[in-house]
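No value in this document is a laboratory result; all are computed from the given coordinates. The model shown is predicted, which means the values in this text are computed figures rather than measured ones. Methodologically, a virtual Cβ is constructed for each residue, glycine included, from the backbone with ideal geometry; neighbour enumeration extends over all protein chains shown.
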Amino acid sequence: MLFGTGIWVVVDGGSFKDIVSSDPMIFGAVYLLIVVGAVIFVTGFLGCCGAIRESKCLLNTFFIVVLVLFIVELAGIILAFVNESKLEEAAINSMKLYNDNEVIRDGWDTLQNSMNCCGYNNVGDWGLVTLTSGLTVPSSCTMLGIGQRGCKEAVEGYFIIIGGIGIAVLFVEFLAMIFACCLSRSVGKDRYA
């Protein structure tokens, strides 16, 4: 699930990536999701083999790897929420490069057109950028009107979905650790009874 979600964001989240690419820590979390998802897949295979073969060694290895992943994912979720303010800073800074960088310009235009939003918080963000860099409000934004919502509001739904998926995965990992412990403790008991 994490692997698929990470791939989806990398493949379909181009506009978002272009806008916040000035801070690799923000978008690097997506690549972390992909790596963690792949490791979870391999770890799940280990757990299945351990359960089928009734191997304490494989079950204990499964438990340790899942525990490490659990801790890393929990730290990643906490870091994502703590560094949320860096996202706004990176987005506003990228707006200043709108006229000078074609990738950023295409990213903002695509994001604003596809999400029916304007600026990061609202159209006023483009006004603030205009004062400092002399650029005008992009055409992808001006057709929407002054009262149009900002892209932050439009994108927040996606962050909530990704956060919900992350929390669900943590819960499943916690259950997997409990079951691995119970199974590891019960392996071999019936042989000596």
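Here residue 32 and residue 93 are evaluated by their C-beta separation; at R0 = 30 Å the FRET efficiency comes out at 0.85. The order of 43, 61, going from fewest to most other C-beta atoms within 10 Å of their C-beta, is 61, 43.
Calculate the FRET efficiency for residue 64 and residue 186 from the Cβ-Cβ distance with a Förster distance of 25 Å, rounded to the nearest 0.05. So the FRET efficiency works out to roughly 0.85.
Exposure proxy for 85, 184: other Cβ atoms within 10 Å of each Cβ, ordered fewest to most, give 85, 184. Cβ crowding within 10 Å, taken as a proxy for footprinting-reagent exposure, orders 149, 53 from fewest neighbours to most as 53, 149.
Based on the Cβ-Cβ distance of residue 79 and residue 116, what FRET efficiency does E = 1/(1 + (r/R0)^6) give at R0 = 22 Å, to the nearest 0.05? E between residue 79 and residue 116, to the nearest 0.05, is 0.15.
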